[in-house]
Amino acid sequence: MRIDELYTKLNELGFIENYYVVNKKHNDEPETERVLKIYDDEFKLAEIYIDKPYMLRTSYGSFDARNPLEKQALLKILVEFASTPVNRRQSELYFAYYNDLNNISHYIKRLSNGRLTDEMIPMAYFRTLNDEQLNAYLFNTAEFDDFPKDYQPRFTPDSFVKVRPYEEMIEHLEGRYPHDDE
């Protein structure tokens with residue numbers, strides 16, 4: 001299961017209110033691990049490691065408080081994702097943008113109510129966003145079908161709305177605006 005499929009299946013569960021990816025650091029290890037945290041309307045239900053196989057956790061009181069069918073549905077999705085080889089989990093996530101007449105980029109963003117808006121923001125701004133904020137700018141190919149007709153990316157150079165793959169954007173940002181670790 002790819003991560004975008006995981007998100008879609010979580011959205012289909014009526015009791016999942018929020019989920020986001022955080023970077024978790026263990027002890028003195030220099031590397032961080034990406035963890036998806038899943039919440040109902042108030043409390044954490046589960047978490048699952050994005051870059052490690054078979055790593056998930058549902059030992060939260062809010063998970064135990066759900067009815068058996070809800071627990072079974074969520075656990076089935078999590079186990080399917082956890083058993084997917086890590087190299088087959090990566091989704092095709094994209095940033096969508098268009099350039100105005102002055103060649104200034106406007107990035108399309110998903111609001112909390114599901115509607116779309118665009119923001120004229122400098123590239124360096126993306127380095128200041130946390131994972132949850134950054135996810136508002138990321139779309140998978142299935143979500144492009146929900147864009148207004150004139151704003152649907154066509155993945156061609158002449159498309160009004162252009163797309164940039166997530167990995168390419170992050171590499172560009174890290175090369176152009178490196179983090180100050182000192």
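The values are calculated or read from the model by the stated rules, or taken from the named source; none is laboratory data. Every value quoted in this text rests on a predicted model; they were computed, and no experiment measured them. All Cβ positions, even for glycine, are placed from backbone atoms using ideal geometry, and neighbour counts span all protein chains on display. For accessibility, only protein heavy atoms count, side chains too; no ligands or nucleic acids. Shrake-Rupley method; radii C 1.70, N 1.55, O 1.52, S 1.80 Å.
Nearest 500 deg cm²/dmol is fine: what mean residue ellipticity at 222 nm does the chain get from its DSSP H runs of n ≥ 4 alone, each adding -39,500 (n - 2.57), divided by its residue count?
Helix contribution divided over all residues of the chain: -7000 deg cm²/dmol.
If you take the C-alpha gyration tensor of segment 1-67, multiply each eigenvalue by 5 and take the square root, what semi-axes do you get, largest first, in whole Å?
Values for segment 1-67, descending: 22, 15, 10 Å.
How large is the accessible surface per residue of the chain, computed with a 1.4 Å probe and reported in Å² as a whole number?
Result: 63 Å² per residue.
Could you work out Rg/(2.2 N^0.38 Å) for the chain, with Rg from alpha carbons only?
Normalised Rg, Cα atoms only: 1.13.
Which value in Å does the Kirkwood hydrodynamic radius of segment 20-106 take, with 1/r averaged over all unlike C-alpha pairs and then inverted?
Radius from the Kirkwood sum: 15.4 Å.
Calculate one ³J(HN,Hα) per residue across segment 73-87 by plugging θ = phi - 60° into the Karplus curve 6.51 cos²θ - 1.76 cosθ + 1.60, and present them in order as whole Hz with x for glycine and proline.
5, 5, 4, 4, 5, 5, 5, 4, 5, 4, 8, 6, x, 4, 5
With the full set of protein chains in place, find how many percent of the accessible area of the chain is carbon and sulfur; take the probe as 1.4 Å.
The computed percentage sits at 47.
Residues of segment 92-126 with backbone nitrogen within less than 13 Å of a virtual label 7 Å along the Cα-to-Cβ line of residue 154, please, listed as ranges.
Under 13 Å, as judged by backbone N against the label point of residue 154, lies no residue of segment 92-126.
Under the 0.36 nm per residue contour assumption, what length would be gained going from the current alpha-carbon distance of residue 98 and residue 83 to full extension?
Using 0.36 nm per residue and subtracting the Cα-Cα distance, I get 1.6 nm.
Go through 106, 26 and list them by solvent-accessible area, largest first, probe radius 1.4 Å.
Greatest to least solvent exposure: 26, 106.
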